[in-house]
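This report concerns only the one structure given below.
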Amino acid sequence: MTIRLGDEAPDFTAETTEGKINLYEYLGDGWGVLFSHPKDFTPVCTTELGAVAKLKPEFEKRNTKVLAVSVDPVDSHHKWLGDIEDVTGSAVNYPVIADPDRTVSDLYGMIHPNASDTLTVRSVFVIGPDKKVKLTITYPASTGRNFDEILRVIDSLQLTANYSVATPADWKEGDDVIITAAVSDDEAKEKFPKGFEAKKPYLRVTPQPNR
Ligand code: BEZ
């Protein structure tokens, strides 16, 4: 199945390292990141799971829960978690789904047969409180992901959700943001008391509203 932006995130119940979890119950009314990795006891994946464990407080600040998935069984995951802590110094503090029958991988299109018939690629899905998919990214098995970038996108998505703004190229927390076209100049004057600059009629920038 191909998941596209705006689609409803498929719900599922799966075995994880923290017991059986239902996706929608786990996420509650917050945000979520579901990310797949190809296989247990592999080097890039080991570094990734440790990196996400270290960043968990940053995800929590954003009211975002993380959930990993791979096609290996749960007893394999448990054995591997010790290695991840040894190597990265971070104990995995979020659930890792065991998906040996590929239910979750198939629901989210995480197996790309021309890359590998059996292994999940490095997919990332950001899911909003409305359970709609807000971001999809796919990396090859050989490239570890930049999870700071995922946090950056969540910051951008949450600004859009709360303030009707978009973020420009290479935006980072604290930079100016763009007022979306749906907001008229008159509305913008009310909505953005710090003022705005119209670089072009269609490109109006304002200081980040929540700072
Ligand atoms: C890795 O995590 O290092 C990896 C996993 C599957 C294929 C290639 C690399």
Output the residue which, of all residues in segment 14-41 that are on the phi < 0 side of the Ramachandran plot and free of Cβ contacts under 8 Å to residues at least 40 places away in the same chain, is farthest from the chain's Cα centre (by Cα).
-> Lys20
Return yes or no: is Ser116 assigned by TED's automatic domain parsing to the domain that holds Leu23 and crowded, with 20+ Cβ neighbours inside 10 Å?
-> no
Pick out the one residue from Lys56, Lys65 that is away from the ligand (no atom under 16 Å from the Cβ) and not in a helix (DSSP H, G or I).
-> Lys65
When residues of segment 108-137 are filtered for being within 17 Å of Thr47 (Cα to Cα) and under 14 Å from the mean Cα position of the chain (by Cα), how many remain?
-> 3
For Ile178, indicate whether it is of a type in the set (Val, Ile, Thr) and in contact with a Lys or Arg (Cβ under 6 Å, 6 or more places away or on another chain).
-> no
How about segment 1-52: which of its residues are more than 19 Å from Lys134 (Cβ to Cβ), outside any loop (DSSP other than H, G, I, E, B) and within 16 Å of the ligand (Cβ to nearest atom)?
-> Pro43, Val44, Cys45, Thr46, Thr47, Glu48, Leu49, Gly50, Ala51
Can you name every residue in segment 108-130 that is more than 14 Å from the ligand (Cβ to nearest atom), out of contact with any Asp or Glu (no Cβ under 6 Å at 6 or more places or on another chain) and either among the acidic types (Asp, Glu) or closer than 26 Å to Ser156 by Cβ (or both)?
-> Tyr108, Gly109, Val124, Phe125, Val126, Ile127, Gly128, Asp130
Test for Val153: is it surrounded by 11 or more Cβ atoms within 10 Å (Cβ to Cβ), among the aliphatic types (A, V, I, L, M) and more than 15 Å from the chain's Cα centre (by Cα) = no
Answer yes or no as to whether Tyr94 is hydroxyl-bearing (Ser, Thr, Tyr) and either more than 16 Å from the chain's Cα centre (by Cα) or more than 16 Å from the ligand (Cβ to nearest atom) (or both).
-> yes
Using the structure shown, decide if Asp83 is within 16 Å of the ligand (Cβ to nearest atom) and not in a helix (DSSP H, G or I).
-> no
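The values are calculated or read from the model by the stated rules, or taken from the named source; none is laboratory data. Small disclaimer: the values here were computed from a predicted structure and weren't measured. All Cβ positions, even for glycine, are placed from backbone atoms using ideal geometry, and neighbour counts span all protein chains on display.
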